[in-house]
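Nothing in this text is a laboratory measurement; each read-out follows from the coordinates by a stated rule. If you're wondering where the values come from, they're calculated on a predicted model, not measured in any experiment. We place every Cβ from the backbone using ideal geometry, glycine too, and count neighbours over all the protein chains shown.
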Amino acid sequence: MIIPFIFSNERIGLLQLKNSKKDLFSEGEIEAVEEFAQTLGSIMLNQYSQAALQERVKELTCLYGMSQIAKQIDISLEDLLYRIIELIPPALQYPEITQTRIILDDFDFSGPEFEEGKHKLSSEIIVDGHTRGVVEVVYIEKCPELDEGPFLKEERILIDTIADELAIIIKRREVEEEKMNLKNQLHHTDRLATVGELAAGVAHELNEPLGSIMGFAQLAAKCPGLPQQAGKDLEKIVKSSLHAREVVKKLMSFSREARSGEKKTDINQLVEESIYLYRSQCKKEGIILRLYLEPGLPVITVDSVQIEQVLINLIVNAMHAMPEGGELDIITRSDVRNLTIVVKDTGHGMSKEVMEKIFTPFFTTKKIGKGIGLGLSVVKGIIDSHNGSIKVESEPGKGTYFEINLPITEN
């Protein structure tokens with residue numbers, strides 16, 4: 001006896017009864033079994049509907065969780081991906097044997113103890129028409145065959161939706177990052193404009209009194225019968241005034257992003273000249289100064305005054321970072337394309353947050369009156385104007401490493 005399960009005029013299954021004797025079932029028994037079959041069919045359909053509803057709730061919970069995580073602008077994209085990975089297994093039928101990973105731009109963001117499973121479901125992450133990665137879900141144990149292997153077709157739709165949402169999140173993050181970079185560039189440009197205005201004002205206000213100081217000092221030095229010590233002091237006044245005037249000139253040159261004194265320069269010789277005044281000071285402060293200058297460096301065309309200013313800024317900063325002594329290494333080397341200058345110290349170092357701001361004009365970690373935060377921004381401006389690059393590595397308590405690369409051009 002075969003009795004169909006009918007629901008809404010649709011057969012959803014069959015009930016089959018067998019007996020070794022022919023015509024054993026009476027008409028009343030057949031009617032009773034038919035009624036039982038319909039009741040059983042209704043129960044089965046209800047159970048199936050509830051199970052399907054639970055699966056949909058799990059899937060919607062996953063997508064809702066993704067949307068909430070995506071709103072958190074204070075977390076990195078890496079943390080965001082790891083959090084999304086944790087949301088996916090509970091949305092599938094067998095979360096206890098589910099492993100998940102996201103691959104983005106060749107970086108593998110895997111769940112804990114990820115391993116390749118017997119069954120896999122995946123969907124590509126496509127951003128602006130380019131495949132950037134993939135979302136993968138695997139079952140690490142054998143499961144019953146369903147719509148797509150052991151996976152439901154709704155689960156395929158879910159993984160596709162997750163991949164699409166990830167593409168949107170990644171695109172939005174990249175757009176926001178680009179906007180932030182543009183904003184920072186505009187902010188930096190505004191600060192440079194302020195530097196230019198400040199330099200012009202400083203030059204106007206200081207050039208005249210500096211000229212007077214030098215003039216009167218030179219006149220005083222010509223007085224007959226001047227004591228020897230007074231003559232030496234007047235000479236120091238003239239030198240200091242000349243130095244102050246040169247600093248103003250350099251600052252104005254930086255604000256205009258101009259290189260006015262280009263000439264062929266021996267960088268090793270320039271390094272030696274730059275550290276001349278600081279050798280005795282380093283020794284006095286317990287700083288071991290070492291030079292590792294590669295012989296036979298190519299002569300390059302640069303503004304030697306500006307490059308010397310870069311070296312002095314980095315040397316002075318390194319000395320300030322080692323108030324209790326330490327080691328200061330200056331290294332030069334070259335390859336086919338670049339001439340490299342390295343200034344490395346064993347000072348107190350910098351945090352990641354500080355390193356992100358060190359080239360910003362007026363940013364300083366020094367106490368009020370000890371610095372105005374222009375040194376490294378001047379360094380960056382000079383190196384950029386020479387079509388070079390500057391790299392910094394640092395860690396609190398482990399010192400700082402500055403690497404400058406200047407292009408070698410045919411002259």
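Some notes on this structure:
- Net charge of neighbours whose Cβ lies under 14 Å from the Cβ of Gln228, counting Lys and Arg as +1 and Asp and Glu as -1: 0
- The fewest-to-most ranking of Leu152, Leu406 by surrounding Cβ atoms within 10 Å reads Leu152, Leu406.
- On full extension, the segment bounded by Glu327 and Lys263 gains 19.8 nm, given 0.36 nm per residue less the C-alpha separation.
- Filtered trypsin sites (Lys or Arg not before Pro), the stretch 283-340: DSSP coil and at most 12 other beta carbons within 10 Å: Arg337
- Counting beta carbons within 10 Å around each of Asp303, Asp266 and listing the fewest first gives the order Asp266, Asp303.
- Of the GluC sites (Glu not before Pro) found in the stretch 68-121, those in coil by DSSP whose Cβ has at most 16 other Cβ atoms within 10 Å are Glu113, Glu115, Glu116.
- This ranking places Leu210, Leu121, Leu219 by how few other beta-carbon atoms lie within 10 Å of each, fewest first, which gives Leu219, Leu210, Leu121.
- Cα→Cβ-extended label distance, 7 Å offset, between Lys120 and Ala230, nm: 9.1 nm
- Extension reserve of the Leu45-Ile2 stretch, reckoned as 0.36 nm per residue once the Cα distance is removed: 13.6 nm
- Cβ-Cβ FRET estimate between Gln54 and Arg83, R0 fixed at 25 Å, reported to 0.05: 0.60
- Furthest towards positive pole of dipole, Gly397, Ser385, Tyr276, structure part the stretch 262-407, Cβ charges: Gly397
- Summed residue charge, Cβ within 15 Å of Arg83's Cβ, Lys/Arg positive, Asp/Glu negative: -2
- With a Förster radius of 22 Å applied to the C-beta separation of Glu353 and Lys398, the computed FRET efficiency comes to 0.85.
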